[in-house]
Amino acid sequence: MIRDRAYLAAHDGNWAAALEAANAAIELAPHEKEAHLIKALALIETGAEGTEAENLLLQYIEDHPDSTAPAQLLLGVYHARQGRLDEASLQLQQAAAYYPRQSNELADLLNPYKHRAFLRKTREGNFILGEYQSMMLGAGHFSPDLQ
């Protein structure tokens, strides 16, 4: 899957490839949640100019009110990198508060990966699952406390 390529590229820190794969995944499935988050992450990590990442995350929050925590975390990281520390702090605090509240909704998003059990059989598949779980459960790069 194209989204899997985006996850693998993000895991490797290849942000240009992650952005390219996320854009391709969004083109195929415009309402798919994960590709939008990966795209925003790649834009933030590449230091892309402009407000594309911010606009993408604000739209995600509006479109998916029951699973906003990952987008709020990325918005906090974006604001911090822009030097907007008060806004960053607020977004990170909201992400920290919302991850536990939204845990049921975010955990339900794991269902497609339960049906793809074959991913657990390869190293790359485990990378994809690990990246996805950290995004949805608030761990690793997606931990509000670490950010």
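How many of the residues in region 32-70 are within 14 Å of the chain's Cα centre (by Cα) and either hydrophobic (A, V, I, L, M, F, W, C) or open to solvent by 50 Å² or more (accessible area, probe 1.4 Å) (or both)?
16
Determine if region 99-114 includes at least one residue that is farther than 18 Å from Lys33 by Cα and either modelled with pLDDT under 90 or assigned to a helix (DSSP H, G or I) (or both). Explain how you work it out, then say what you get.
Taking region 99-114 first, the residues farther than 18 Å from Lys33 by Cα are 100-101.
Then keep just the ones that are either modelled with pLDDT under 90 or assigned to a helix (DSSP H, G or I) (or both); that gives 100-101.
Scanning region 99-114 turns up at least one residue that is farther than 18 Å from Lys33 by Cα and either modelled with pLDDT under 90 or assigned to a helix (DSSP H, G or I) (or both).
Taking the criterion of being at pLDDT below 95, among the β-branched types (Val, Ile, Thr), over 11 Å from the mean Cα position of the chain (by Cα) and assigned to a helix (DSSP H, G or I), would at least one residue in region 2-15 satisfy it? If you could, list the steps in order and put the result at the bottom.
In the first step, residues of region 2-15 are kept if they are at pLDDT below 95; the result is 2-13.
Keeping just the survivors that are among the β-branched types (Val, Ile, Thr) gives 2.
Filter once more, so that each one left must be over 11 Å from the mean Cα position of the chain (by Cα): 2.
Narrowing further to those that are assigned to a helix (DSSP H, G or I): 2.
Scanning region 2-15 turns up at least one residue that is at pLDDT below 95, among the β-branched types (Val, Ile, Thr), over 11 Å from the mean Cα position of the chain (by Cα) and assigned to a helix (DSSP H, G or I).
When region 17-31 is examined, which residues are found to be within 9 Å of Ala42 (Cβ to Cβ) and open to solvent by 70 Å² or more (accessible area, probe 1.4 Å)?
Within region 17-31, just Glu20 meets the criteria.
Mind checking which pairs have a first residue in region 70-92 that is within 15 Å of Thr51 (Cβ to Cβ) and at pLDDT 95 or above and a second that is open to solvent by 70 Å² or more (accessible area, probe 1.4 Å) and of a type in the set (Asp, Glu), Cβ under 6 Å, 6 or more apart or different chains?
What qualifies is His79/Glu87.
Does Asp4 qualify as being more than 17 Å from Met135 (Cα to Cα), touching a residue at least 24 places away in the same chain (Cβ under 8 Å), out of contact with any Leu (no Cβ under 6 Å at 6 or more places or on another chain) and surrounded by fewer than 21 Cβ atoms within 10 Å (Cβ to Cβ)?
When the stated conditions are applied, Asp4 does not pass them.
Identify all residues within region 73-97 that are part of a helix (DSSP H, G or I) and open to solvent by 70 Å² or more (accessible area, probe 1.4 Å); write none if there are none.
Arg81, Leu85, Asp86, Glu87, Leu90, Gln93
Can you name every residue in region 23-72 that is touching a Phe, Trp or Tyr at 6+ places or on another chain (Cβ under 8 Å) and outside any helix (DSSP H, G or I)?
If the condition is that a residue be touching a Phe, Trp or Tyr at 6+ places or on another chain (Cβ under 8 Å) and outside any helix (DSSP H, G or I), then Thr68 is the only one that fits.
The values are calculated or read from the model by the stated rules, or taken from the named source; none is laboratory data. The shown structure was predicted, so the numbers you read here are calculated from the model rather than taken from an experiment. Positions of Cβ are backbone-derived with ideal geometry, glycine not excepted, and every protein chain shown enters the neighbour counts. Note: accessible area is taken over every heavy atom of the protein model, side chains too, but ligands, DNA and RNA are not part of it. Shrake-Rupley method; radii C 1.70, N 1.55, O 1.52, S 1.80 Å.
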